[in-house]
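Visitor: Sharing a structure with you now.
The values are calculated or read from the model by the stated rules, or taken from the named source; none is laboratory data. Given the structure is predicted, the values throughout are model-derived calculations rather than measurements. Glycine gets a Cβ as well: all are built from the backbone with ideal geometry, and neighbour counts include every protein chain shown.
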Amino acid sequence: MFNLEVQGFIFIMARITSFITVVPGFSHRSMPNTVKVFLSLILSLLVYLNTPEMVLYEEIILFALGVAREIIIGLSMGYMAKLIFTAVEMAGQFVDFQVGYSMGAVFDPMTGTTSSYYGSLFYWMSIMVFFMMNMHHLLLTSLMDSFSLVSPGQVGLQGINLQGVLYLFSHAFKIAFSIASPMLVVLLTADIIMGLVSRSVPQINVFMLGMPLKSLLGMVIFLLLASSLLTQTGKTLALMLEYIQKALLMFR
């Protein structure tokens with residue numbers, strides 16, 4: 001068995017590395033893997049030098065269970081942060097469905113998922129706000145503070161609360177709908193007006209007229225609401241730290 005002192009560093013690095021590989025802004029494929037590894041090593045070293053004594057094990061099985069627990073904690077924290085970005089992207093997908101762009105969804109090789117036009121636009125808008133508000137600093141600070149809330153190296157997952165997980169998922173849908181609601185109201189109103197026109201003047205091909213009209217209307221409304229959408233996105237991303245704290249409470 002290797003030196004017990006190395007165990008503490010591995011416990012810390014397991015949580016940080018798994019977090020970096022999931023959280024948006026750092027896990028993107030455009031960022032070189034060398035940068036991700038170097039960032040994980042630097043953060044792990046900083047945390048290791050400032051972390052008090054941890055539980056260490058001479059049995060390899062207990063050590064493996066401790067590493068697995070740290071990986072689960074890191075992935076949970078990263079996924080909770082990613083859930084906020086997913087909520088913003090989901091708002092764009094709601095708009096895409098109403099405009100009709102969801103039929104043109106394509107595979108995005110950078111994210112590894114199928115994305116639509118407004119969904120991609122809202123996602124990159126959230127990434128822009130994320131770095132403009134220096135939330136990546138707060139995110140890394142929250143990651144390093146997590147070791148004081150949940151001590152690394154422990155074994156067992158007795159504190160997981162599935163009710164809290166379901167609440168976070170349902171709240172993400174609520175966030176997505178609140179962001180997209182202004183554009184959805186306008187587009188639904190346009191549908192109602194075109195329906196009335198179709199009943200009043202049957203000679204007009206509303207289907208052929210509706211697609212370009214809704215595309216133009218969606219673009220104009222987005223430009224008019226761009227400032228408020230950025231503000232709402234910033235408020236939504238501010239919930240990221242709260243989500244991470246709730247994720248940590250599940251393991252205490």
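Visitor: List the pairs whose first member sits in the range 151-174 and is surrounded by 15 or more Cβ atoms within 10 Å (Cβ to Cβ), whose second member is modelled with pLDDT of 65 or more and among the acidic types (Asp, Glu), and whose Cβ atoms are under 8 Å apart, counting only residues at least 6 apart or on separate chains?
Guide: Pro152/Glu70; Gly153/Glu70
Visitor: Confirm whether Ile61 is part of a helix (DSSP H, G or I) and modelled with pLDDT under 85. Let's see the steps before the verdict.
Guide: Details: part of a helix (DSSP H, G or I): yes; modelled with pLDDT under 85: yes.
Answer is yes for this residue.
Visitor: If you go through the range 218-226 one residue at a time, do you hit one that is modelled with pLDDT of 75 or more and touching a Leu at 6+ places or on another chain (Cβ under 7 Å)?
Guide: Start the filter on the range 218-226 by keeping residues that are modelled with pLDDT of 75 or more, which leaves 218-226.
This time we only want the ones that are touching a Leu at 6+ places or on another chain (Cβ under 7 Å), so: 218.
Yes, the range 218-226 contains at least one residue that is modelled with pLDDT of 75 or more and touching a Leu at 6+ places or on another chain (Cβ under 7 Å).
Conditions tested, residue by residue: (1) modelled with pLDDT of 85 or more; (2) over 30 Å from Met13 (Cα atoms).
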site	(1), (2)
Leu43	yes, no
Tyr48	no, no
Leu56	no, no
Val88	yes, no
Gln93	yes, yes
Val106	no, yes
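Visitor: Taking the range 1-32 as the search range and keeping residues that are part of a helix (DSSP H, G or I) and either aromatic (Phe, Trp, Tyr) or farther than 25 Å from Ala247 by Cβ (or both), which one is modelled with the highest pLDDT? Before the answer, list the steps.
Guide: Step one: of the range 1-32, the residues part of a helix (DSSP H, G or I) are 4-20.
Cutting the leftovers down to either aromatic (Phe, Trp, Tyr) or farther than 25 Å from Ala247 by Cβ (or both) gives us 4-6, 9, 11, 19.
Working: Leu4: 60, Glu5: 67, Val6: 79, Phe9: 83, Phe11: 84, Phe19: 88.
If we take residues in the range 1-32 being part of a helix (DSSP H, G or I) and either aromatic (Phe, Trp, Tyr) or farther than 25 Å from Ala247 by Cβ (or both), then Phe19 is modelled with the highest pLDDT.
Visitor: Filter the range 117-133 down to residues that are under 12 Å from Leu230 (Cα atoms) and either hydroxyl-bearing (Ser, Thr, Tyr) or in contact with a His (Cβ under 7 Å, 6 or more places away or on another chain) (or both), then give me how many there are.
Guide: 3
Visitor: Continuing with this model, one more query. Would you confirm, using the coordinates I've provided, whether Thr141 is farther than 29 Å from Val220 by Cα and at pLDDT 80 or above?
Guide: Numbers: farther than 29 Å from Val220 by Cα: yes; at pLDDT 80 or above: yes.
So Thr141 fits the description; yes.
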